[in-house]
Amino acid sequence: MYTLPILIIAIIAAIYMSWNIGANDVANSMGTSVGSGALTLTKAVIVAGVFEFLGAFFVGKHVTTTISKGIVNPVSIEPHLLMLGMLSALIAAALWVTIATYFGLPVSTTHSIVGGVMGFAMILDNRLILWHKLIGIIGSWIISPVSGALISYLIFLTIKKTILSKTDPIKEAKKVIPFFIFFTTFIISMSIIYKGLKNIGLNLCFKYSLLFSIIPAGIGMFIGHILLSRYKYEYTDEEDKYNKLENIFIYLQIITACSVAFAHGANDVANSTGPLVTIVELYKGKSVSSKIIIPLWVLALGGFGIVLGISTWGYKVIHTIGEKITEVTPTRGFSAELATAFTVLVFSKLGMPISTSHVIVGSVLGVGIAGGFATVNYKIIKNIIYSWILTIPVALLFSSGIFILLRIIF
Amino acid sequence: MKFIRVPIIKTLRKSPFKALKDHVNIIKESANLLKEEFRDYIYGNFNEFEEKRLKVEELELKADYIKSNIRNHLPQKFRMPVDRGTFLSLIGELDQVEDTIQDIGEWILIREKPVPDNLQNDFFSLFNIAYKSIEICEQSVIYLNIVIESSFAENERVKLKEIIHNLHRVETESDTMERELTKKIFSMENDISPVAIYHLSKLVFLLGDISNHTENAGDRIRALLAR
């Protein structure tokens with residue numbers, strides 16, 4: 001058994017997979033912030049780099065666990081085969097994502113890795129796949145964009161009813177925005193504190209997490225209120241009125257942009273770290289039990305790969321998107337991003353590997369349905385569904401093929 | 001750019017309402033040139049006329065380009081919060097305004113003769129009304145964007161309807177003035193040549209056409225607002 005070469009290849013493949021996430025998927029999450037002008041390119045890259053890493057590091061383990069042992073039953077596979085299998089899944093997913101990226105297909109790295117893990121297991125034995133869990137995962141791929149759309153619809157409708165439709169929208173915004181700040185800060189704090197601080201030895205129960213999340217949220221709300229009440233304004237004309245309003249929302253959108261990056265890191269890092277964790281455990285000679293302790297360096301490695309992807313390629317993609325979707329204004333971007341961050345964080349906590357890219361598209365469409373955009377391309381839904389249908393079998397086949405090949409080599 | 005697989009990039013595009021604003025800006029620019037042309041014409045000063053006419057022609061091409069750009073890049077897959085047909089006919093009306101501005105310059109140049117002294121003031125008044133209707137039209141397209149930004153807030157829609165109402169008022173004013181001016185031109189049949197009568201009365205007709213088209217554009221915008 002040559003386990004060291006397998007580990008080394010796996011680490012390289014995992015970094016490459018994370019690189020892919022940083023190079024493309026991050027841009028998808030940051031696009032609405034750059035498009036609206038809430039973040040400049042440089043700021044977007046910094047926000048993405050920092051918060052993707054934090055998300056991966058603090059909340060990355062839930063989904064990582066699912067990819068590692070929620071799709072196939074690791075206990076019933078011979079360790080050597082499991083090691084090779086996870087490596088095949090990783091290589092297959094990375095390969096498919098690269099091909100899809102070349103052709104500009106909107107495929108999801110999450111779908112690819114799930115297909116990859118299924119692929120090698122199917123070669124061994126169909127019964128190794130935990131079908132009931134898999135059905136749950138596939139269900140979450142449909143539910144998550146829809147819930148993103150629904151939530152963003154409700155958020156934008158709230159902004160519309162409480163702010164935009166009023167004669168003095170800024171006056172109303174001063175009252176409503178502190179609540180938005182509370183809600184946003186609360187979601188992030190909760191996702192970090194509840195089950196998130198185990199990494200650094202703090203394990204708080206739900207009640208305490210709730211309490212400790214309300215504190216920063218309250219502080220945020222208070223600061224927001226103070227700053228807003230000091231804000232003096234008068235407008236020259238009607239156009240100026242809405243410009244000033246949008247300028248206030250820029251600050252909110254900066255918060256939600258951080259949240260989306262954080263949530264994205266939390267969910268998508270698993271696409272590379274999930275298989276790697278299994279391989280690392282097996283390398284150390286442990287049999288994979290249902291209880292998992294994820295080495296922090298693996299999550300850090302995933303986060304590092306993402307940051308590498310952002311800094312070497314992702315920034316260009318962010319730039320391109322930022323120029324393309326200038327129709328997003330801060331009020332719209334805030335609605336879509338808050339909905340995305342909320343949805344992705346909830347699914348991450350549930351350990352569900354979902355596609356953040358699809359959730360943000362769902363959220364943008366939700367704002368569109370609420371009447372937030374002049375033109376929305378609903379046909380994008382069709383593209384996304386096609387890419388789902390394509391990704392699973394392709395990643396599955398790639399993974400099976402690579403698995404057969406690796407068995408011959410090792 | 002290659003190596004992009006992010007779906008968000010295909011989800012949104014530039015708002016056609018903003019493109020409409022670009023279009024109406026060009027109309028305003030052309031109207032300003034026509035204002036200079038018209039003054040030159042009334043006082044029989046044709047030295048710089050051709051230069052200005054060419055500029056208008058250039059602007060008309062630009063406006064045409066924006067118009068076809070909106071039409072071509074508004075495929076069925078893009079949903080709009082307003083009726084697509086009405087939106088397209090709004091562009092059509094705005095384009096007619098631009099065409100009429102160009103036509104007036106060209107019609108003036110066909111017969112390089114000054115306007116009889118006793119008609120000068122009337123022509124100025126009629127022109128000013130046409131110019132005013134363009135200004136209001138521009139204002140309503142700008143306000144249409146505000147309405148979209150407010151996501152069709154009731155109070156903003158009411159304000160826009162008020163602006164559009166002015167277009168109707170101006171059009172009626174223009175109609176009355178056209179009728180009286182044409183009468184006045186024909187009452188001079190013994191003093192000026194039939195050619196002059198033809199040229200002048202057609203000019204009245206063209207000037208009146210501007211407020212007809214801006215009024216129509218206003219009606220289309222009002223139809224867009226209907227919820």
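Just so you know, all these numbers are worked out from the coordinates, no wet-lab data involved. What you see is a predicted model, and the numbers here were worked out from it, not measured in a lab. Here the Cβ is made from the backbone with ideal geometry for all residues, glycine too, and neighbour counts use every protein chain on show.
Among the residues of this structure, A:Ser400 does not count as one that is within 18 Å of the chain's Cα centre (by Cα), in a helix (DSSP H, G or I), of a type in the set (Ser, Thr, Tyr) and farther than 17 Å from A:Ile67 by Cβ. Within region B:194-213, identify whether any single residue is charged (D, E, K, R) and either under 30 Å from B:Ser151 (Cβ atoms) or in contact with a Pro (Cβ under 8 Å, 6 or more places away or on another chain) (or both), and answer yes or no. No, every residue in region B:194-213 fails to be charged (D, E, K, R) and either under 30 Å from B:Ser151 (Cβ atoms) or in contact with a Pro (Cβ under 8 Å, 6 or more places away or on another chain) (or both). For A:Val34, are the conditions met, namely being in contact with a helix residue (DSSP H, G or I) (Cβ under 6 Å, 6 or more places away or on another chain), among the aliphatic types (A, V, I, L, M) and within 29 Å of A:Ala121 (Cα to Cα)? It is false that A:Val34 is in contact with a helix residue (DSSP H, G or I) (Cβ under 6 Å, 6 or more places away or on another chain), among the aliphatic types (A, V, I, L, M) and within 29 Å of A:Ala121 (Cα to Cα).
Of the residues making up region B:60-88, just one is small (Gly, Ala, Ser) and crowded, with 17+ Cβ neighbours inside 10 Å, namely B:Ala63. Return the residue satisfying two criteria in turn: it lies in region A:228-268 and is part of a helix (DSSP H, G or I) and among the hydroxyl-bearing types (Ser, Thr, Tyr), and of such residues it is surrounded by the most Cβ atoms within 10 Å (Cβ to Cβ). Going through the qualifying residues, I end up with A:Thr256. Looking only at residues of region A:381-410 that are β-branched (Val, Ile, Thr) and free of Cβ contacts under 8 Å to residues at least 60 places away in the same chain, we find that the one that is nearest to the other protein chains (Cβ to nearest Cβ) is A:Ile381. Name the single residue that is surrounded by the fewest Cβ atoms within 10 Å (Cβ to Cβ) among those in region B:10-58 being under 29 Å from B:Gln76 (Cα atoms) and of a type in the set (A, V, I, L, M, F, W, C). Per the criteria, the residue is B:Ala19.
For the residues A:Thr326, A:Thr331, A:Thr343, the requirement of being assigned to a helix (DSSP H, G or I) and within 11 Å of another protein chain (Cβ to nearest Cβ) singles out A:Thr331.
Results for (1) within 16 Å of the chain's Cα centre (by Cα); (2) in a helix (DSSP H, G or I); (3) among the acidic types (Asp, Glu); (4) closer than 20 Å to B:Glu149 by Cβ, shown as yes or no for each residue.
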position: A:Ile293; (1), (2), (3), (4): no, no, no, no
position: A:Glu337; (1), (2), (3), (4): yes, yes, yes, yes
position: A:Ser357; (1), (2), (3), (4): yes, yes, no, no
position: A:Ile381; (1), (2), (3), (4): no, yes, no, no
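The set of residues in region B:105-159 that are among the acidic types (Asp, Glu), within 14 Å of chain A (Cβ to nearest Cβ) and either within 30 Å of B:Lys52 (Cα to Cα) or in contact with a strand residue (DSSP E or B) (Cβ under 6 Å, 6 or more places away or on another chain) (or both) contains only B:Glu138.
Please pick out the residue among A:Leu90, A:Leu95, A:Leu134 that is under 18 Å from A:Trp19 (Cα atoms) and within 20 Å of the chain's Cα centre (by Cα).
Values: A:Leu95 fails: within 20 Å of the chain's Cα centre (by Cα); A:Leu134 fails: under 18 Å from A:Trp19 (Cα atoms).
Unique residue meeting the criteria: A:Leu90.
Could you check, for region B:5-18, whether at least one of its residues is over 30 Å from A:Ala23 (Cα atoms) and in contact with a helix residue (DSSP H, G or I) (Cβ under 6 Å, 6 or more places away or on another chain)? Yes: region B:5-18 contains one or more residues that are over 30 Å from A:Ala23 (Cα atoms) and in contact with a helix residue (DSSP H, G or I) (Cβ under 6 Å, 6 or more places away or on another chain).
Can you find a residue that is free of Cβ contacts under 8 Å to residues at least 40 places away in the same chain, closer than 30 Å to B:Gln76 by Cα and of a type in the set (Asp, Glu) anywhere in region B:107-129? There is no residue in region B:107-129 that is free of Cβ contacts under 8 Å to residues at least 40 places away in the same chain, closer than 30 Å to B:Gln76 by Cα and of a type in the set (Asp, Glu). Of the residues making up region A:157-193, those that are away from chain B (no Cβ under 14 Å) and of a type outside the set (D, E, K, R) number 18. Looking at region A:102-119, which of its residues are more than 10 Å from chain B (Cβ to nearest Cβ) and over 17 Å from A:Asn73 (Cα atoms)? Matches in region A:102-119: A:Thr110, A:His111, A:Ser112. Within region B:162-176, is even one residue within 14 Å of chain A (Cβ to nearest Cβ), in a helix (DSSP H, G or I) and either in contact (Cβ under 8 Å) with a residue 40 or more places away in the chain or not charged (D, E, K, R) (or both)? Looking for residues that are within 14 Å of chain A (Cβ to nearest Cβ), in a helix (DSSP H, G or I) and either in contact (Cβ under 8 Å) with a residue 40 or more places away in the chain or not charged (D, E, K, R) (or both), one finds at least one in region B:162-176, hence yes. The helices (runs of 4 or more DSSP H) found wholly in region A:19-101 and carrying at least 3 residues that are within 14 Å of chain B (Cβ to nearest Cβ) and out of contact with any Pro (no Cβ under 9 Å at 6 or more places or on another chain) occupy A:26-35.
Look at region B:1-23: where a residue is within 7 Å of chain A (Cβ to nearest Cβ) and a partner is among the basic types (Lys, Arg), sitting 6+ places away or on another chain with Cβ atoms under 8 Å, you get B:Met1/A:Lys316; B:Ile9/A:Lys324; B:Leu12/A:Lys324; B:Arg13/A:Lys324.
Among A:Ser112, A:Ser108, A:Ser88, which is the only one that is crowded, with 24+ Cβ neighbours inside 10 Å, touching a helix residue (DSSP H, G or I) at 6+ places or on another chain (Cβ under 9 Å) and farther than 22 Å from A:Asn267 by Cβ?
So the residue among A:Ser112, A:Ser108, A:Ser88 that is crowded, with 24+ Cβ neighbours inside 10 Å, touching a helix residue (DSSP H, G or I) at 6+ places or on another chain (Cβ under 9 Å) and farther than 22 Å from A:Asn267 by Cβ is A:Ser88.
From the list A:Leu308, A:Leu276, A:Leu296, exactly one residue is under 21 Å from A:Ile11 (Cβ atoms) and either surrounded by 24 or more Cβ atoms within 10 Å (Cβ to Cβ) or among the β-branched types (Val, Ile, Thr) (or both). Which is it?
A:Leu276
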